[in-house]
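Enquirer: The structure follows.
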Amino acid sequence: MEKLELRDYFRDYYVKNPIKPPDLLFQREIGYIPFNGSMVRHRMYNNNIEIERFVKKIVPRHLYYSSAYYRHPEITRMQEKEWLGAELIFDLDADHIEGANKMTYAQILDEVKKHTLRLINVLMDDFGFTEDNIHLYFSGGRGYHVHIESDAVYQLDSDARREIGDYIRIEGINIDDLKNLDDDFFNYGILKKLNNYISEFYENIDENIIKSILGRNYNNYINYLQKYFNGKKIIDFFTDKSGNKFKIMDSFDAKNKITYNRDIFKYIIENFKKGNLAEIDEPVTTDIHRLIRFPLSLHGKTGLMVKPLKIDYLRDFNPLNEAIPDVFKEKEKIINIKINKFEIAMNNEHFILGNGEHKVPLYVAVFTNAIGVSDFVT
Amino acid sequence: MITDKFFVDYDYVSSPENINTAANSLSDRKPMLLALEYIKNIVKKYADKNRYNQVLDLKSFGIALWMIKLINQRNLTSRFIIEQRDVFENEILRLIKNDTESFIDYCHRAKINVFVSNNIIKIPFNFFITYNKKISGFKYRLIYQKMENGLIIVDEGQIAHLLRENFVEKINIIYNSINSDQAAQIFKSYQSEINLIRDEFIKINAKNEMKLGDVDFTKFPPCIIEYLNEIRDNQNLPHLARFTLVSFLHSIGMSNADMINIFRNVPDFNEKMTTYQVEHITGIISGTEYSPPKCVTLRSNHLCYMDDDPLCRKINHPLEYYKKKKFRKS
């Protein structure tokens, strides 16, 4: 009964709100999870009218479409579908954020947003995608989805997509490779950012950090930084934003049998990565047959909308206010909270709900019910 | 076509009419004779495991490609494509250095977006990541590229390597699209000569393949053993590990059916897909028999498990390990 009641609210949403089909809907595989039963895949709808009719009739708990375009999306066997290409997808959610298990839902959303902003910057600055190519969605759950629609990506295979994923996650850079690159490489992309980071690290050199890495050798290192390399003080060489800093290891350091820099650079790279990578779910990006949430469908575990967002609005976007369907704002509902305490800020209101019955706005009722901490009271 | 000595016109090479005219011309028999001579020499050199990467003119190259299709011997096809791949790379490198205009013209005709100004070559990132896969070394990883606004600045060596991979793909597509009956029709008057070449190659190939002997699992390098262990433990393998395993086992003579059986243990096993992939790597579908990657590639992809194996320190390629161990005097 519980599930059926949640389904009624979802139906109300779908009856009053159109979903937003992707381009070439008839080439997409549609999948859904119903309120009763398991995943259904390999559906195909020719046009918006057909899929709207289906959604209103079935009322799925979760609704997906394939990032891939197929000649025969309705065929069950993957090989026979005839893959024609696929959007490039990035999935960012709490699962990949360090320390997420200790954060509140709102904190998680904020943290994932930071990573999403980093991703979008790299996609625009380094990969050259424009706002027309980048389609951004709140996932309805604990993160964001970024879809790239561009001729530059449709034909890329999994391996090529993995290279993009590695770039976004700054995966695979190491000191021994870096020291072999020409100075010029550090004027572009990730390596330019790394150089800026190194320069700032040495401009505001932190005694405690150096001590924690080098221990007793701290003073020696400070003296080392005052020595000259290629006619320049080493500290100035490091704070200069241009050129390859790692090459000092094979020249000055090697000649003088100095080994400090390997540990320091390792520390710098690790910290640089933490502050600059975007934690994407790489298997999603490399999967060229992925099913992804349908824009403007409801997330079955929150009752929030999979909401399209303008890129420049992301910074200000608050999903807990703005991804709530209007139809859930109009009514109230009595629920029974099954845990000791549940706290959330939604629609600019702060709710602290203890164990037992509460009359709350419908969106709180739907949200708590969908995540499994409350029952509806009839 | 850039020069009459250099084959770069993919439309010409894929047209049966063009090949027929070139092969059966009474006034100019040179291209046909050169193509025959070239293939015979490849076969001869194959026996001694030598290379034969001679530059062919457009007509001879087209005729040779169609003839190779008619001969229909996997190893000969891949040898031919590898030889011509290297010819291509040398020629394109020469153009990049000495004749920018022709280089740009080639890219234009091959429908490749390349931007050249003041000797700086830029290519779209998607071209780079489509063709960098089989090129080892950190300089071919996207993370180390000079990328800005979707374009990557590449040096002469990089662009030549990438165009080489693109060339192989294009030639494979043309090769696969050639109709064997049509090829037989074109080379009707040369049928007996072609049959002789085929027989000769089959003989040499059989001898070459015998040399590795039966598959001996105890002589495998640690990386291959690790991949097999992971499969035994029902784990999914990364793509490059699967590729390495299949190309390795194929190189040492394991049958495709045996390989497919090994993969039955992986959780995402799909017979049709596995068969397709194995047949692709072993050349049945692709026309190219792939070799396993070098150790350095495996290392940079976190797929090297050498640990403290002393033999690993002395070799650069997983197959070298197997051969050294197998033929070591006990």
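The values are calculated or read from the model by the stated rules, or taken from the named source; none is laboratory data. Model, not experiment: these values are computed from the prediction. Here the Cβ is made from the backbone with ideal geometry for all residues, glycine too, and neighbour counts use every protein chain on show. Note: areas computed on protein heavy atoms with side chains; ligands, DNA, RNA excluded. Shrake-Rupley method; radii C 1.70, N 1.55, O 1.52, S 1.80 Å.
Enquirer: What is the magnitude of the charge dipole of segment A:331-376 about its Cα centre, with +1 placed on the Cβ of each Lys and Arg, -1 on the Cβ of each Asp and Glu, and no other charges, expressed in debye to the nearest 20?
Expert: Numbers: 5 positive and 5 negative charges, 13 e Å.
Its charge dipole is roughly 60 debye.
Enquirer: Please go through the residue pairs A:193/A:307; A:193/A:245; A:273/A:310; A:192/A:245 and name each one whose alpha carbons sit more than 20 Å apart in this structure. Could you put the intermediate results ahead of the total?
Expert: Details: A:193/A:307 32 Å; A:193/A:245 13 Å; A:273/A:310 27 Å; A:192/A:245 11 Å.
From A:193/A:307; A:193/A:245; A:273/A:310; A:192/A:245, over 20 Å: A:193/A:307; A:273/A:310.
Enquirer: Show the residues, 5+ positions off or on another chain, whose built amide H is closer than 5 Å to the amide H of residue A:43.
Expert: A:30
Enquirer: Taking residue B:326 as the anchor, which aspartates and glutamates have their alpha carbon closer than 12 Å to its alpha carbon, excluding any fewer than eight residues away along the same chain?
Expert: Partners found: B:214, B:216.
Enquirer: Here's something else I'd like to know. How large is Rg over Rh for chain B, taking Rg from the Cα atoms and Rh as the Kirkwood inverse mean of 1/r across Cα pairs?
Expert: Numbers: Rg = 21.5 Å, Rh = 21.8 Å.
Looking at chain B, the ratio lands at 0.99.
Enquirer: Another question, then. Give me the lysines in straight-line cross-link reach of residue B:294: C-alpha distance below 17 Å, same-chain residues under 8 apart excluded.
Expert: Straight-distance partners of residue B:294: B:133, B:134, B:139, B:314, B:323, B:324.
Enquirer: Rounded to the nearest 10 Å², what accessible area does residue A:293 show when all protein chains are kept and the probe is 1.4 Å?
Expert: Near enough 30 Å² of accessible area.
Enquirer: With charges only on Cβ, +1 for K and R and -1 for D and E, what is the dipole size of chain A about its Cα centre, in debye, rounded to 20?
Expert: Numbers: 52 positive and 58 negative charges, 158 e Å.
Roughly 760 debye, rounded to the nearest 20.
Enquirer: Another one. Identify all lysines with a Cα-Cα distance to residue B:59 below 26 Å; exclude those on the same chain that are fewer than 8 residues away in sequence.
Expert: B:5, B:30, B:40, B:44, B:45, B:69, B:97, B:111, B:170, B:188
Enquirer: Next question. Heavy atoms only, 1.4 Å probe, whole protein assembly: order B:67, B:306 by accessible area, highest first.
Expert: Working: B:67 0, B:306 40 Å².
So, going from the largest accessible area down, we get B:306, B:67.
Enquirer: Could you please put A:147, B:108 in sequence from largest to smallest accessible area, using a 1.4 Å probe? If you can, show how the numbers build up before the last one.
Expert: On the way: A:147 0, B:108 140 Å².
In descending accessible area the options line up as B:108, A:147.
Enquirer: Within a 10 angstrom radius of each residue's Cβ in A:124-130, how many Cβ atoms of other chains show up on average? Whole number is fine.
Expert: 5
Enquirer: Using a 1.4 Å probe and counting only protein heavy atoms, arrange B:45, A:255 so the residue with the most accessible area comes first. Walk me through the numbers on the way to the answer.
Expert: Values: B:45 75, A:255 170 Å².
Final ranking, largest accessible area leading: A:255, B:45.
Enquirer: Looking only at other chains, what is the average number of their beta-carbon atoms within 10 angstrom of each beta-carbon in A:183-189? Mind dumping the intermediate values first?
Expert: Working: counts 0, 2, 5, 1, 3, 7, 8.
Taking all residues of A:183-189 together, the mean is 4.
Enquirer: Please average, across the residues of B:150-160, the number of beta carbons from any other chain that are within 10 Å of each residue's own beta carbon, and give a whole number.
Expert: Values: counts 11, 3, 3, 4, 0, 1, 0, 0, 0, 0, 0.
For peptide B:150-160, the averaged partner shielding equals 2.
Enquirer: Moving to a separate point now. When the Debye formula is applied to the Cα atoms of segment B:217-326, each taken as the same point scatterer, what base-10 log of I(q)/I(0) results at q = 0.12 Å⁻¹?
Expert: Ignoring solvent entirely, the Cα scatterers give -0.38.
Enquirer: Let me ask you something else. How would you order A:260-269, A:59-68, B:27-36 from highest to lowest mean count of nearby Cβ atoms within 10 Å?
Expert: Numbers: A:260-269: 17.6, A:59-68: 23.7, B:27-36: 15.7.
Answer by packing, highest mean first, reads A:59-68, A:260-269, B:27-36.
Enquirer: Which of A:115, A:350, A:299 moves most in a GNM of chain A, Cα contacts under 10 Å?
Expert: Sorting by GNM fluctuation, first place goes to A:350.
Enquirer: Next question, about the same structure. Going from the alpha-carbon gyration tensor of segment A:331-376, what semi-axes, largest first and in whole Å, does one get by taking the root of 5 times each eigenvalue? If you can, show how the numbers build up before the last one.
Expert: Working: eigenvalues 38, 28, 17 Å².
Working from the Cα gyration tensor, I get semi-axes of 14, 12, 9 Å.
Enquirer: For residue A:345, what residues show an amide H to amide H distance below 5 Å, using hydrogens built from the backbone and excluding near sequence neighbours?
Expert: A:351
Enquirer: Can you give the percent of C-alpha pairs in the protein assembly as shown whose distance is more than 50 Å?
Expert: Numbers: 67418 of 250278 pairs.
Of all Cα-Cα pairs in the protein assembly as shown, 27 percent lie more than 50 Å apart.
Enquirer: Using a 1.4 Å probe and ignoring any ligands, DNA or RNA, find the accessible area of residue B:307 and quote it in Å² to the nearest 10.
Expert: For residue B:307, solvent-accessible area is about 130 Å².
Enquirer: Let me ask something else about it. Which ³J(HN,Hα) values in Hz, rounded to whole numbers, follow from the phi angles of segment A:271-283 under the Karplus curve 6.51 cos²θ - 1.76 cosθ + 1.60, where θ = phi - 60° and Gly and Pro get x?
Expert: 6, 4, 4, 4, x, 10, 7, 10, 6, 9, 7, 4, x
Enquirer: Using only Cα atoms, figure out Rg for segment B:9-90 and give it as a multiple of 2.2 N^0.38 Å. Don't jump to the answer; show the numbers that get you there.
Expert: Numbers: Rg = 12.3 Å, N = 82, 2.2 N^0.38 = 11.7 Å.
Scaled against compact globular proteins, the figure is 1.05.
Enquirer: Mind putting together the pair-distance distribution for segment B:29-150? All Cα pairs, 5 Å bins, whole percent per bin, short to long.
Expert: With a bin width of 5 Å, the distribution comes to 2, 9, 15, 17, 16, 15, 11, 9, 4, 1, 0.
Enquirer: Projected area of segment A:175-276, taken from the Cα convex hull and averaged over every viewing direction, in nm²? Don't jump to the answer; show the numbers that get you there.
Expert: Working: hull surface 24.2 nm².
Spelled out: convex hull of the Cα atoms, projected over all directions, averaged, 6.0 nm².
Enquirer: If you roll a 1.4 Å probe over chain A with all protein chains in place, what percent of the accessible area is carbon or sulfur?
Expert: Working: 7840 of 17090 Å².
That fraction is 46 percent.
Enquirer: Can you send over the solvent-accessible area of residue B:181, 1.4 Å probe, protein chains only, in Å² to the nearest 10?
Expert: Accessible area of residue B:181: about 120 Å².
Enquirer: Counting heavy atoms of the protein chains only and a 1.4 Å probe, report the per residue accessible area for chain B as a whole number of Å². Walk me through the numbers before you get to the answer.
Expert: Values: 16030 Å² over 330 residues.
Dividing the accessible area of chain B by its residue count gives 49 Å².
Enquirer: Using the Kirkwood radius over Cα pairs, work out the Stokes-Einstein diffusion coefficient for segment A:196-344 at 4 °C and 1.567 mPa s, in µm²/s as a whole number.
Expert: Numbers: Rh = 20.9 Å.
My calculation gives 62 µm²/s for D.
Enquirer: When the Karplus curve 6.51 cos²θ - 1.76 cosθ + 1.60 is applied with θ = phi - 60°, which whole-Hz ³J(HN,Hα) does each residue of segment B:165-178 get, with x for Gly and Pro?
Expert: Whole-Hz 3J(HN,Hα) from phi for segment B:165-178: 5, 5, 4, 4, 4, 5, 5, 4, 5, 5, 4, 5, 8, 5.
Enquirer: Quick one: Karplus J couplings for segment B:114-131, per residue in order, coefficients 6.51, -1.76, 1.60, θ = phi - 60°, nearest Hz, x for Gly and Pro?
Expert: Karplus values, whole Hz, x for Gly and Pro: 10, 10, 10, 8, 6, 6, 9, 9, 10, 10, x, 4, 6, 5, 4, 7, 7, 10.
Enquirer: Could I ask something else about it? Given H placed 1.01 Å from N in the peptide plane, which residues other than close sequence neighbours of residue A:140 have an amide H under 5 Å from its amide H?
Expert: Hits under the 5 Å cutoff: A:307.
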